[in-house]
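One structure is given below, encoded as structure tokens.
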Amino acid sequence: VNFSDCKNKSACLGAYGEDGQFSYTGVCADGYEGNLCASCSGHAYKTTEYECLDCISTAVSILRLTLGILFFLVIVGLVVKNTVSNATNDRGLHSVYIKIFINHMQIL
């Protein structure tokens with residue numbers, strides 16, 4: 001017979017539940033389920049320490065995604081504006097070639 005330790009000791013309550021009933025797979029704390037209480041139940045996710053944490057709301061996820069996209073677009077806009085304004089100068093042509101070379105190296 002092989003016995004395995006729980007990955008998260010606080011999630012595994014033992015073989016007997018609060019009602020005194022024996023369970024072959026063990027009794028898990030609230031929010032945990034499965035063998036060795038290694039799975040999260042409900043609307044939760046597992047961390048690298050095998051802890052289950054509640055997921056953030058959909059509204060917060062959409063807000064974070066929207067802010068990330070807006071930040072990215074602002075950065076791209078600033079780079080394009082800088083490139084266009086520097087391209088008209090004689091000295092600015094050198095920076096355009098450097099940016100083209102860097103972009104080429106990133107693709108490779």
Within the chain, excluding any trypsin sites (Lys or Arg not before Pro) found in a DSSP loop (not H, G, I, E or B) and having at most 15 other Cβ atoms within 10 Å, the longest uninterrupted segment runs 10-90
If unit charges are put on Cβ atoms (+1 for Lys and Arg, -1 for Asp and Glu) and the dipole of the range 3-86 is taken about its Cα centre, the option from Thr47, Ala29, Leu70 lying farthest towards the positive end turns out to be Leu70
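Assuming R0 = 41 Å, what is the FRET efficiency of Leu53 and Val79, from their Cβ-Cβ distance, to the nearest 0.05?
Working: r = 37 Å, r/R0 = 0.90.
With a Förster radius of 41 Å, E is 0.65.
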Taking protein heavy atoms only, a 1.4 Å probe, and rounding to whole percent, the accessible area of the chain owed to carbon and sulfur comes out at 62 percent
Once normalised by the length of the chain, the mean sequence separation of its alpha carbon contacts under 8 Å that are 6 or more apart gives a contact order in percent of 14 percent
In degrees rounded to 10, the 0-90 angle between helix 92-107 Cα long axis and the longest Cα principal axis of the chain is 30 degrees
Regression test value, accessible area per residue of the range 1-73, probe 1.4 Å, units Å², expected 82 Å²
Any GluC sites (Glu not before Pro) in the range 9-64 that lie in a DSSP loop and have at most 14 other Cβ atoms within 10 Å would be Glu18, Glu49
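Treating only the Cβ of Lys, Arg, Asp and Glu as charged (+1, +1, -1, -1), what charge dipole size does the chain show about its Cα centre? Round to the nearest 20 debye.
Numbers: 7 positive and 9 negative charges, 186 e Å.
The dipole magnitude comes to about 900 debye.
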Shape descriptors of the chain over alpha-carbon atoms, Rg and Dmax in angstrom, are 27.0, 84
Cross-link reach from Lys46 to lysines, straight Cα distance under 21 Å and at least 8 residues apart if same chain, gives Lys7, Lys9
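The values are calculated or read from the model by the stated rules, or taken from the named source; none is laboratory data. Because the structure is predicted, anything quoted here is derived from the model rather than measured. So basically every Cβ, Gly included, is an ideal-geometry build from the backbone, and we count neighbours across all protein chains shown. What goes into the accessible areas is simple: the full protein's heavy atoms, side chains included, and nothing from ligands, DNA or RNA. Shrake-Rupley method; radii C 1.70, N 1.55, O 1.52, S 1.80 Å.
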